[in-house]
Amino acid sequence: MKPVGAITRGTTNPNRLRRVDNFIAYRCAAALTAADAPLVVDLGYGASPVTAVELRDRLATAVRPDVTVIGLEIDPVRVAAAQPYAAPPLLQFRRGGFELAGLSPVVVRAFNVLRQYAEEDVAAAWRQMTATGAVLVEGTCDELGRIATWVVVEAGVPATLTLSARLPVLEHPAVFAERLPKALIHHNVPGHPVHELLRALGRAWETEATPFGPRQRWLATVRRMRTAGWPVLDGPARWRLGELTVPIDVALGSAAGRP
């Protein structure tokens, strides 16, 4: 099967995707636990397979020990370089793209991949990666993984947006603007829903200045958002990790599903 997509930059770092891995273990635990074959695809793991190795270790610890992770890369050089890290059958590396090399995973993680494509390519990629029923977690983060955002996509349609930060180094929620998923980053302008979301989050953060540290400030900020009528999902157990998750229509409005 011919891989679909293009070779991207491929830069990565150890622990860069820890935040989203933690979320996948939470959000997709039920689906992975119920699956006869708990397969997860890490699409576009990059020049180093370290984040795929970490994903397998985290899901094996947090969800079930027999979870299989298959890392896919279009670049055959990267696939060859990853082979010393493989531990078949539970950790493998193959050549593939948005077609997922013919696999039918339960979950697909695609991070810092679509950011390098044109916005008009996003919807088709979402549909292709979820065509066999997979839950797609797609997003972007900074080089050290301290600031990250992602969408959960099912059957080609986005469901939620999550903003996630390492709270001790979060200076202001405005930093999320630089790391929005491709479907949203060009819409962060006045008059668009994602701009209003980030502006409201920034105002809440500024209002909730506290001497008790960044974690308490973030918790108070998220509570203020919910009190103000924003449909914030989950609860304090997720919020204290630096997460804010909302339904996608809060960020995309009537454009939901049509990047």
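The values are calculated or read from the model by the stated rules, or taken from the named source; none is laboratory data. None of the values given here were measured: they were computed from a predicted structure. FYI the Cβ positions are ideal-geometry reconstructions off the backbone, even for glycines, and counts take in every protein chain you see. What goes into the accessible areas is simple: the full protein's heavy atoms, side chains included, and nothing from ligands, DNA or RNA. Shrake-Rupley method; radii C 1.70, N 1.55, O 1.52, S 1.80 Å.
Every residue in the stretch 68-107 that is more than 13 Å from LYS2 (Cα to Cα), open to solvent by 40 Å² or more (accessible area, probe 1.4 Å) and not in a loop (DSSP other than H, G, I, E, B), please.
Once the filter is applied, which keeps residues that are more than 13 Å from LYS2 (Cα to Cα), open to solvent by 40 Å² or more (accessible area, probe 1.4 Å) and not in a loop (DSSP other than H, G, I, E, B), the stretch 68-107 yields VAL77, ALA80, ALA81, GLN83, PRO84, TYR85, ALA87, GLN92.
Every residue, every condition in (1) at pLDDT 95 or above; (2) in a helix (DSSP H, G or I); (3) within 16 Å of the chain's Cα centre (by Cα), yes or no:
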{"residue": "TRP126", "(1), (2), (3)": "yes, yes, yes"}
{"residue": "GLY133", "(1), (2), (3)": "yes, no, no"}
{"residue": "GLY145", "(1), (2), (3)": "yes, no, yes"}
{"residue": "LEU161", "(1), (2), (3)": "yes, no, yes"}
{"residue": "GLU178", "(1), (2), (3)": "yes, yes, yes"}
{"residue": "LEU201", "(1), (2), (3)": "yes, yes, no"}
{"residue": "ALA204", "(1), (2), (3)": "yes, yes, no"}
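Do you know which residues across the stretch 209-233 are within 17 Å of LEU167 (Cβ to Cβ), of a type outside the set (Ser, Thr, Tyr) and open to solvent by less than 60 Å² (accessible area, probe 1.4 Å)? Explain how you work it out, then say what you get.
First, the residues of the stretch 209-233 that are within 17 Å of LEU167 (Cβ to Cβ): 209-225, 232.
Narrowing further to those that are of a type outside the set (Ser, Thr, Tyr): 209, 211-220, 222-225, 232.
GLY213, PRO214, ARG217, TRP218, LEU219, ALA220, VAL222, MET225, VAL232, listed by residue number.
All but one of (1) among the small types (Gly, Ala, Ser); (2) open to solvent by less than 20 Å² (accessible area, probe 1.4 Å); (3) modelled with pLDDT of 95 or more hold for ALA37; state the number of the condition that does not hold.
The failed condition is (2).
Within the stretch 180-199, work out how many residues are assigned to a loop (DSSP other than H, G, I, E, B), of a type in the set (A, V, I, L, M) and surrounded by 19 or more Cβ atoms within 10 Å (Cβ to Cβ). First the steps, then the outcome.
Applying the first criterion (assigned to a loop (DSSP other than H, G, I, E, B)) to the stretch 180-199 yields 180-181, 186-192.
Okay, now just the ones that are also of a type in the set (A, V, I, L, M), so 180, 189.
From the residues that got through so far, the ones that are surrounded by 19 or more Cβ atoms within 10 Å (Cβ to Cβ) too are 180.
Residues flagged as assigned to a loop (DSSP other than H, G, I, E, B), of a type in the set (A, V, I, L, M) and surrounded by 19 or more Cβ atoms within 10 Å (Cβ to Cβ) within the stretch 180-199 amount to 1.
Out of all the residues in the stretch 51-67, which are assigned to a helix (DSSP H, G or I), free of Cβ contacts under 8 Å to residues at least 40 places away in the same chain and among the acidic types (Asp, Glu)?
Listed by number, the list holds a single entry, ASP57.
Between a first residue in the stretch 8-19 that is of a type in the set (Val, Ile, Thr) and a second residue that is surrounded by 19 or more Cβ atoms within 10 Å (Cβ to Cβ) and at pLDDT 85 or above, which pairs have beta carbons less than 7 Å apart while being 6 or more apart in sequence or on different chains?
Within 7 Å, the pairs are THR8/GLY44; THR8/VAL113; THR11/GLY46; THR12/GLY46; THR12/THR51.
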